[in-house]
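Written out below as structure tokens is the structure these notes cover.
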Amino acid sequence: MNEVLECVIFATADGVDRDDFMEAAEASMQWARSQEGFVSRELFETDDGRWIDTVRWASMDAAHAAAAGIVTA
């Protein structure tokens with residue numbers, strides 16, 4: 001198996017409420033779970049307020065298909 005790990009490190013924009021962000025993150029999780037080839041996702045908050053979002057896909061093709069689909073979701 002050639003799983004793919006997608007990793008994004010980011011900070012939310014100034015003024016973004018943490019609870020609102022977490023609600024949006026959960027909605028995006030539901031979308032990700034529905035994608036073919038989705039394996040898992042973990043979201044971490046660092047001590048300095050940044051976020052690390054990791055998504056594991058079954059293949060590079062699955063990751064690319066999801067990336068293309070998120071634009072239209």
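The values are calculated or read from the model by the stated rules, or taken from the named source; none is laboratory data. Quick caveat: nothing in here was measured; it's all calculated off a predicted structure. All Cβ positions, glycine included, derive from the backbone under ideal geometry; neighbour counts span all protein chains shown. When the accessible area is computed, the model is the full protein with side chains, heavy atoms only, and any ligands, DNA or RNA have been set aside. Shrake-Rupley method; radii C 1.70, N 1.55, O 1.52, S 1.80 Å.
Taking the listed residues Phe10, Phe21, the one that is exposed (fewer than 13 other Cβ atoms within 10 Å of the Cβ) and aromatic (Phe, Trp, Tyr) is Phe10, with no other qualifying. Residue pairs whose Cβ atoms lie under 8 Å apart, sitting 6 or more positions apart in sequence or on different chains, and linking a residue in segment 4-32 that is in contact (Cβ under 8 Å) with a residue 40 or more places away in the chain to a partner that is in a loop (DSSP other than H, G, I, E, B) and open to solvent by less than 70 Å² (accessible area, probe 1.4 Å), are Val4/Ala58; Val4/Ser59; Ala11/Gly49. Scanning segment 24-46 for residues that are over 13 Å from the mean Cα position of the chain (by Cα), of a type outside the set (S, T, N, Q) and open to solvent by less than 70 Å² (accessible area, probe 1.4 Å) returns a single hit, Gly37.
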